[in-house]
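One structure is given here, and the rest of the page talks about it.
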Amino acid sequence: NAARVTELELLKTQLNPHFLFNELNSINALVSIDQEKSKDAIVKLSELLRFTLNYGNQLLIPLHDEMEEVKKYLVLEQIRFGTRLQVHFDIDDAALSRLIPPAVILTLAENAIKHGVARQSRDCILEVHAQVNSNSLVIEMTNPGTLHMNGQAGLGLQNIKRRLYYLFGERASFRLSEDAGNVSAQIVISEA
């Protein structure tokens, strides 16, 4: 148990530097384009960093809390991409109180932007769905793009898989799929 907790803490700390590096690069690019928007981006980033500090001692948080941070992150990215990025949320009220590991959806969003939206020259729609089906929480994020994993997921996705396994065992699953130019990431967490 102690080894699991230690590894879980290490997985959580690996997410933060990766996320921070990507966001600072985004803000750096924005500074030369629009100073007012870059100021707003810095405020949003500071709010996201406050979230990472606050969840540091928690293994699980309500989906509602996670979604508030995901929305801040996506507003930050909409500042960067302008009208090229549209975001659609479809979150059932029944899902909002369900507990999830902190920053898993935030990691999915960051991954969708980095490997999907940022590589497109056209307008992009990022969709976030969450619902409770047959007592299981189902979270799905879909973005334009293709899977280029060469048999292995990146650090952020590996961390999601491992955190889900350590916290929920066989009751949780994570999968990526590609269909018609879109990549979907799905997390399913079943109640005990």
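Take Phe89: with every protein chain present and a 1.4 Å probe, its accessible area is about 80 Å².
GNM on the chain, alpha-carbon springs under 10 angstrom: the most fluctuating residue among Pro62, Pro144, Pro102 is Pro62.
Candidates Pro62, Thr83, Phe51 compared by Cα position along the dipole of the chain: farthest toward the positive end lies Phe51, with charges placed on Cβ.
If I take every Cα pair under 8 Å that is 6 or more residues apart in region 18-108, average their sequence separation and divide by the length, what percent do I get for the relative contact order? Relative contact order, region 18-108: 35 percent.
The dipole here belongs to region 124-192: it is taken about the Cα centre, uses +1 on the Cβ of Lys and Arg and -1 on the Cβ of Asp and Glu, and is about 300 debye.
Asp179 sits with roughly 120 Å² accessible to a 1.4 Å probe, with DNA, RNA and ligands left out of the calculation. Taking 25 °C and 0.890 mPa s as conditions, the chain diffuses translationally at an estimated 143 µm²/s according to Stokes-Einstein applied to its Kirkwood radius (Cα pairs). When only the Cβ of Lys, Arg, Asp and Glu is charged (+1, +1, -1, -1), the dipole of the chain relative to its Cα centre reaches about 500 debye. Across the chain, Cα pairs under 8 Å and at least six residues apart give a relative contact order of 18 percent.
Here the relative contact order of region 94-147, from alpha carbon pairs under 8 Å that lie six or more residues apart, stands at 38 percent. Taking the C-alpha atoms only, the angle from helix 104-115 to the longest principal axis of the chain is near 40 degrees. Using every pair of distinct Cα positions in region 78-175, the Kirkwood expression returns a hydrodynamic radius of 14.7 angstrom.
The residues Leu106, Leu60, sorted by heavy-atom accessible surface at 1.4 Å with ligands and nucleic acids left out, run Leu60, Leu106 from largest to smallest.
The values are calculated or read from the model by the stated rules, or taken from the named source; none is laboratory data. Quick caveat, the model's predicted, so the values are computed rather than measured. Cβ atoms come from the backbone with ideal geometry, glycine included; neighbour counts cover every protein chain shown. For the accessible areas, the whole protein counts, side chains as well, though only heavy atoms, and no ligand, DNA or RNA atoms are used. Shrake-Rupley method; radii C 1.70, N 1.55, O 1.52, S 1.80 Å.
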